[in-house]
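Inspection log for the structure reproduced underneath, given as structure tokens.
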Amino acid sequence: MNNKLTILSMVAVSIFIISCNNTKKEKANSDETATTKSYLGKPITHAFDAKIDSIISQMTLEEKSGMLHGTSMFTTAGVERLGVPELKMADGPLGVREEISRDSWAPAGLDNDFATYYPAGGGLSATWNTELAYKFGFSVGEESRARDKDVLLSPAINIIRTPLGGRTYEYFTEDPFLNKKLTVPFIVGLQENDVAACVKHYAANNQETNRDFVDVQIDERALREIYLPAFKAAVIEAKAFSMMGAYNKFRGEYLCENSHMLNDVLRDEWGFEGVVISDWAAVHTSVNSLKSGLDVEMGTPKPFNEFFLADPLIDSVKAGKISEAEIDKHVKRILQLMYTLKSMGGEERTKGSINTEAHFKDAYDIASESVVLLKNDKNLLPVNTSGIKTVAVIGNNALKKNALGGFGAGVKTKREVTPLEGLKNRLPESIKINYAEGYKETYAPKKEAIFGEVTQERAETIDVLDPKMLEEAITAAKNSDITIIFAGSNRDYETEASDRADLELPFGQVELIEKVLEVNPNTIVVMIAGAPFDINSIKEKSSALVWSWFNGSEGGNALADVLLGNVNPSGKLPWTMPKSLADSPAHATNSFPGDKIVSYDEGILVGYRWFDTKNVEPLYPFGYGLSYTTFDIKNAHTDKNEAYYSEDETIYISVDVENTGNMDGKEVVQLYATKEESKVERAAQELKGFKKVLVGEGQTATVTFTVPVKELAYYDIDKSTWMVESGAYDIKIGNSSRAIKSEVTINIK
Ligand code: BGC
């Protein structure tokens with residue numbers, strides 16, 4: 001415990017209630033005489049409201065209903081005679097999805113719907129770089145406009161509760177602080193292009209198994225501290241324009257008709273003024289869903305006029321079950337959004353750009369900071385190209401493309417540089433590449449995916465190696481100076497609509513890797529995957545281990561640059577890699593996947609909070625990642641070791657980061673807080689700050705964290721509010737959750 005400053009007297013526990021965040025905005029239209037108000041963070045005039053009211057007053061009930069439901073796969077109806085356009089949406093998290101037919105999931109077959117494929121969520125979060133999150137959002141926002149979209153169904157920010165989650169690759173992290181710090185700049189960048197983010201999937205949608213009906217039970221504290229912070233920050237800090245209601249139930253009610261979550265929490269508590277859009281086919285009623293806070297129903301598989309907010313809603317109005325004034329309220333929200341996005345005409349709207357070199361460069365920048373160096377014991381990395389003549393490249397993943405694949409949204413792209421192509425692009429021509437596929441991606445026959453069904457049968461893999469392919473791989477490895485194996489998974493295996501059965505690496509890869517390591521110890525293993533796998537034996541037997549992601553159009557170039565040392569790796573794991581599945585909290589508590597009900601029995605102890613509190617050794621901890629250089633993190637000190645709680649009170653904590661190696665490099669300095677003595681259950685430590693910093697060889701940089709005291713709060717269930725406990729907090733700074741290098745203690749009064 002270096003530099004630990006005095007622990008001040010432990011006063012009897014007193015608690016500060018964080019003043020009720022009065023986020024409730026002036027309600028649009030509540031004062032007819034006002035000339036300026038704010039809507040979604042932008043000033044608006046009375047004329048704006050009056051114009052919208054006038055348009056609504058001229059609409060028929062049928063026209064209003066058309067605006068509230070899908071009238072094609074990704075649009076709602078406009079009202080041409082009144083100058084109201086369709087609302088045009090597109091997936092998603094990996095970039096702007098190809099055009100889908102208007103009335104089926106079949107691709108529309110266009111030749112102008114190519115887009116940049118950006119790194120999947122896991123890749124972005126592994127950068128731990130908030131500037132890159134903004135860059136990603138802005139870049140994909142420009143592409144959305146170039147494809148004439150109003151709403152991008154992104155970002156996907158559900159917490160990674162289990163490593164088996166089919167969408168782990170798409171989501172950011174297991175930690176709520178990292179989650180919100182990436183979510184906010186992403187949305188801001190995106191929405192600067194006159195396109196709405198649709199933040200998904202609100203909320204507590206943390207598994208694919210039974211996602212169409214499972215009823216999620218979470219205690220209020222875990223909900224507030226773990227599952228909601230990024231959604232809340234999306235609304236309050238980023239002013240997200242739209243939100244996607246999830247498929248599942250939460251405390252007995254479907255999330256698209258959960259009045260508590262939509263009306264009470266999202267709108268009344270957080271002041272959300274935008275549009276709530278359902279996930280595709282996630283709506284179950286007409287009147288109840290509208291009254292509970294949903295605005296737009298999207299999805300499959302019924303004819304569009306049979307959607308709950310189509311003919312059945314019109315019938316309900318006629319039968320007096322819901323008033324037309326209630327319908328108008330939802331239509332108004334959509335029109336307000338359209339004006340904000342400038343889609344109603346009259347104002348110059350961002351035109352955007354797509355497939356540009358600048359955007360491919362954005363994808364490259366993210367990918368190159370996302371690669372995580374897990375092990376480099378014999379300094380095989382970076383590859384010394386002057387010392388070798390031949391490289392064996394082994395693995396199906398050397399060639400595998402991931403822009404499309406599996407169930408769910410991908411991107412049709414003109415550029416996806418594979419790992420093998422990346423190496424060819426970057427290696428000197430004099431070096432010969434001996435490629436062998438080694439293992440094949442094979443599955444047992446499976447039922448055809450059923451149109452409109454939101455969960456799908458899991459793919460069963462065939463995990464036996466082909467002896468001939470194994471032999472070819474061994475020969476290539478024997479005859480080469482070094483070997484690089486590209487292993488892991490892909491987007492057919494890790495996919496929306498089903499969770500994985502276990503952490504096993506599919507297709508016989510472990511055997512392949514072990515046999516190759518036996519014949520060529522100069523073997524670098526590169527895992528390409530979006531979620532944890534059982535790599536215990538690979539960790540033990542290999543001396544060089546790298547983790548990469550479904551990493552976008554430039555993924556192969558970025559990976560090659562890391563392997564060859566053109567880029568010094570700076571990625572950090574955004575989740576814990578367990579030694580065994582049973583060590584992970586949802587599995588240790590036997591509370592995954594549930595049946596009709598899933599109860600999150602681990603409570604607040606999600607991810608590293610569980611491992612650190614229960615003293616379970618992970619295979620690789622949250623926040624872990626090496627560099628080709630080394631860093632010394634020291635001299636933590638604070639501007640004050642005592643602070644009085646107030647809403648705006650902030651503590652500054654600085655620390656020196658010395659680059660003690662032989663190469664410039666970026667380090668992610670992480671700040672965790674511990675409250676040893678508390679009247680409530682506490683995780684051993686919680687991330688409360690991080691900064692990525694470039695430090696030149698031999699240089700020292702001072703990193704300063706700004707920690708608002710209110711970040712130290714816990715959610716008090718009895719009082720239904722956030723509380724900051726008085727007393728000592730240990731502030732621990734390091735470069736992973738298990739590598740704390742310097743500490744200070746502060747006393748909150
Ligand atoms: C997914 C959403 C997606 C929607 C439209 C759903 O199955 O859960 O994330 O935006 O489909 O493709």
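The values are calculated or read from the model by the stated rules, or taken from the named source; none is laboratory data. Keep in mind it's a predicted model, so treat the numbers as computed, not measured. Positions of Cβ are generated from backbone atoms using ideal geometry, with glycine treated the same way; all protein chains shown enter the neighbour counts. Side chains are part of the model used for accessible areas, which takes the heavy atoms of the whole protein and leaves out ligands, DNA and RNA. Shrake-Rupley method; radii C 1.70, N 1.55, O 1.52, S 1.80 Å.
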- Of the conditions (1) open to solvent by 30 Å² or more (accessible area, probe 1.4 Å); (2) part of a loop (DSSP other than H, G, I, E, B), residue 329 clears all except one; give me its number. (2)
- Message: Anything in the stretch 397-414 that is closer than 11 Å to residue 98 by Cα and open to solvent by 10 Å² or more (accessible area, probe 1.4 Å)? List them, or say none.
- Response: 404, 409, 412, 413
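To keep it simple, each residue is scored yes or no on (1) touching a residue at least 60 places away in the same chain (Cβ under 8 Å); (2) farther than 21 Å from residue 498 by Cα; (3) in contact with a strand residue (DSSP E or B) (Cβ under 9 Å, 6 or more places away or on another chain).
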| site | (1), (2), (3) |
| --- | --- |
| 166 | yes, no, no |
| 212 | yes, no, no |
| 225 | yes, yes, yes |
| 238 | no, yes, yes |
| 241 | yes, yes, yes |
- Restricting the search to the stretch 199-244, which residues are within 17 Å of residue 184 (Cα to Cα) and in a strand (DSSP E or B)? 199, 200, 201, 202, 242, 243, 244
- What are the residues in the stretch 562-589 that are within 24 Å of the chain's Cα centre (by Cα), open to solvent by less than 10 Å² (accessible area, probe 1.4 Å) and among the hydrophobic types (A, V, I, L, M, F, W, C), if any? 562, 573, 575, 577, 586
- Which of (1) farther than 30 Å from residue 717 by Cα; (2) away from the ligand (no atom under 16 Å from the Cβ) does residue 307 not meet, given it meets every other one? (2)
- For residue 160, state whether it is within 16 Å of the ligand (Cβ to nearest atom) and open to solvent by less than 10 Å² (accessible area, probe 1.4 Å). no
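Listed residues 556, 530; which is on the phi < 0 side of the Ramachandran plot, assigned to a helix (DSSP H, G or I) and open to solvent by less than 10 Å² (accessible area, probe 1.4 Å)?
When all the criteria are applied, what remains is 556.
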- Task: State yes or no: is residue 387 away from the ligand (no atom under 16 Å from the Cβ), in contact (Cβ under 8 Å) with a residue 60 or more places away in the chain and open to solvent by 50 Å² or more (accessible area, probe 1.4 Å)?
- Result: yes
- Test: residue 360 is open to solvent by 40 Å² or more (accessible area, probe 1.4 Å) and either within 23 Å of residue 507 (Cα to Cα) or not in a loop (DSSP other than H, G, I, E, B) (or both): no
- Task: Filter the stretch 390-419 down to residues that are over 23 Å from residue 466 (Cβ atoms) and within 16 Å of the ligand (Cβ to nearest atom), then give me how many there are.
- Result: 9
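Among the residues of the stretch 82-95, write down those that are under 19 Å from the mean Cα position of the chain (by Cα) and farther than 10 Å from residue 148 by Cβ.
Filtering the stretch 82-95 for residues under 19 Å from the mean Cα position of the chain (by Cα) gives 90-95.
Across the stretch 82-95, the qualifying residues are 91, 92, 93, 94, 95.
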- Filter result (within 16 Å of the ligand (Cβ to nearest atom) and acidic (Asp, Glu)) within the stretch 458-514: 494, 496, 499
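Filter the stretch 276-322 for residues that are open to solvent by 50 Å² or more (accessible area, probe 1.4 Å) and closer than 18 Å to residue 253 by Cα and give the result.
Keep residues of the stretch 276-322 that are open to solvent by 50 Å² or more (accessible area, probe 1.4 Å), which gives 284, 288, 291, 301-303, 305-306, 308, 311, 315, 318-321.
Across the stretch 276-322, the qualifying residues are 284, 288, 291, 308.
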- Restricting the stretch 466-495 to residues that are within 24 Å of residue 383 (Cβ to Cβ) and of a type in the set (D, E, K, R), the one least open to solvent (accessible area, probe 1.4 Å) turns out to be 481
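Quick grid of which residues meet (1) open to solvent by 20 Å² or more (accessible area, probe 1.4 Å); (2) within 18 Å of residue 415 (Cβ to Cβ); (3) in contact with a strand residue (DSSP E or B) (Cβ under 6 Å, 6 or more places away or on another chain):
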residue	(1), (2), (3)
79	no, no, no
84	no, no, no
98	yes, yes, yes
128	no, no, yes
142	yes, yes, no
154	no, no, no
- Message: With the condition being in contact (Cβ under 8 Å) with a residue 40 or more places away in the chain, I'd like the strands (runs of 3 or more DSSP E) fully within the stretch 30-107 carrying at least 3 qualifying residues.
- Response: 70-72, 87-91
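Do we find that residue 716 is acidic (Asp, Glu), crowded, with 18+ Cβ neighbours inside 10 Å and within 24 Å of residue 232 (Cα to Cα) in this structure?
Criteria met by residue 716.
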- Please state which one of 226, 218 is more than 17 Å from the chain's Cα centre (by Cα), away from the ligand (no atom under 16 Å from the Cβ) and among the aliphatic types (A, V, I, L, M). 218
- Query: Is it the case that the stretch 329-344 has a residue that's hydroxyl-bearing (Ser, Thr, Tyr) and farther than 30 Å from residue 125 by Cα?
  - Reply: yes
- Report yes if some residue within the stretch 284-292 is within 16 Å of the ligand (Cβ to nearest atom), outside any helix (DSSP H, G or I) and β-branched (Val, Ile, Thr); otherwise report no. no
- Message: Quick check on the stretch 496-504. Is at least one of its residues surrounded by 24 or more Cβ atoms within 10 Å (Cβ to Cβ), in contact with a Phe, Trp or Tyr (Cβ under 6 Å, 6 or more places away or on another chain) and not hydrophobic (A, V, I, L, M, F, W, C)?
- Response: no
- Query: Considering the stretch 648-676 alone, what residues qualify as being closer than 19 Å to residue 225 by Cβ and surrounded by fewer than 17 Cβ atoms within 10 Å (Cβ to Cβ)?
  - Reply: 676
- Message: Quick check on my filter: what residues within the stretch 427-457 are within 16 Å of the ligand (Cβ to nearest atom), surrounded by fewer than 18 Cβ atoms within 10 Å (Cβ to Cβ) and not aromatic (Phe, Trp, Tyr)?
- Response: 449, 450, 452, 453, 457
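Taking the stated definitions as given, is residue 145 more than 14 Å from the ligand (Cβ to nearest atom) and part of a loop (DSSP other than H, G, I, E, B)?
Working: more than 14 Å from the ligand (Cβ to nearest atom): yes; part of a loop (DSSP other than H, G, I, E, B): no.
Spelling it out, it is not the case that residue 145 is more than 14 Å from the ligand (Cβ to nearest atom) and part of a loop (DSSP other than H, G, I, E, B).
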